[in-house]
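See below for the structure under consideration.
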Amino acid sequence: MKKNNDVLRKEVVEAIKWEPLLRSNEIDVTVQDGIVTLGGTVDNYTQKKEAEQAVKNIAGVTGVIDDIKVDLFFSAIKSDTEIKAAVSKALHENWAVPDHKIKVNVENGWVTLDGILHWHFQRKAADNAIRYLAGVRGVIDNIKIEAEIKDEMTKEVVEKALRLSWILDFDNIKVRVDGKTIYLSGIVDSLFQKEEAERIAWNTPGVWYVDNEIVVEFN
């Protein structure tokens, strides 16, 4: 049984209140059939990402639409040149990010990342390195994954990795492999489980893309 829209909205609002970096009166919440839409305005990009993550961890949430806008304090506003320098420095100092393969552009506080990396975790590390930088209003991630490993992926390898996770009920997840792409389908109980299945699939040696079609159904 799905949670009532009003019940789920109250739980989302409470979760946002519980986050020390957030002020719930700045964030608008609407819920329709398990899909949570976040609106309003926050002071920095960190708060925007924190709000989205807080909602994903709530049972009954089947999807999140993040329409929160970042309105920086005057003292926090940086020039695009300053932000680009800060982003380049943050990427260079992160051991998980091969920064020489990433091109950084900044326009009106929005950071765009382009390039080709070998692993998805490197792309996530790049995004995380930017999250707490002053002046950033948002990130557009255009990085593509092209694994250097040429071995052919198999369905069995992906399934074995998924079975090792205590978070997932593997019997409800279906895997299909076509070339360098992994397709996931089936049903899970939470958005967290859906994203965990995708994370595991992205760790498969040789993967270039994960198509996550898993459906979240809260019981």
Förster-model FRET efficiency, 45 Å R0, Ser185 and Ala76, C-beta, rounded to 0.05: 0.55
Exceeding 20 Å between C-alpha atoms, which entries from my cross-link table qualify? They are Lys103/Lys144; Lys69/Lys144; Lys3/Lys49; Lys49/Lys69. Lys69/Lys144; Lys3/Lys49
In whole Hz, the Karplus estimates of ³J(HN,Hα) for region 162-177 (6.51, -1.76, 1.60; θ = phi - 60°; x where Gly or Pro) are 5, 5, 6, 7, 6, 6, 9, 9, 4, 4, 9, 10, 10, 10, 9, 10
For the pair Lys144/Asn203, report the inter-label distance in nm, with labels modelled 7 Å from Cα in the Cβ direction. 2.7 nm
Report, in deg cm²/dmol and to the nearest 500, the calculated mean residue ellipticity at 222 nm for the chain, where each DSSP H run with n ≥ 4 adds -39500 (n - 2.57) and the sum is divided by the residue count. -10000 deg cm²/dmol
Sequence-distant or interchain residues sharing an amide H contact under 5 Å with Val111, placed H: which? Arg137, Gly138, Val139, Ile140
Can you tell me the accessible area per residue over region 83-165, all protein chains present, probe 1.4 angstrom, in square angstrom? 58 Å²
Would you kindly give the portion of the calculated P(r) for region 156-218 that falls above 17 Å, as a percent of all Cα pairs? 27 percent
Of Val106, Ala90, Gly34, which is farthest on the positive side of the dipole of the chain, counting Cα position, with +1 on Lys and Arg Cβ, -1 on Asp and Glu Cβ, and the Cα centre as origin? Ala90
Residue separation between Val215 and Thr37 times 0.36 nm, minus their alpha-carbon distance, gives in nm 62.3 nm
Which aspartates and glutamates, on any chain, are close to Lys180 with Cα under 16 Å apart, when same-chain ones fewer than 8 places away are left out? Glu146, Glu148, Asp151, Glu152, Glu156, Glu159, Glu198, Asp211
Where a ≥ b ≥ c are root eigenvalues of the Cα gyration tensor, a/c under 1.5 meaning rounded, otherwise prolate if a/b exceeds b/c and oblate otherwise, region 1-95 counts as prolate
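The values are calculated or read from the model by the stated rules, or taken from the named source; none is laboratory data. Keep in mind the model is a prediction, meaning the values are calculated, not measured. Every residue, glycine among them, receives a Cβ derived from its backbone with ideal geometry; neighbour counts consider all protein chains shown. With ligands, DNA and RNA removed, areas are computed over all heavy atoms of the protein, side chains included. Shrake-Rupley method; radii C 1.70, N 1.55, O 1.52, S 1.80 Å.
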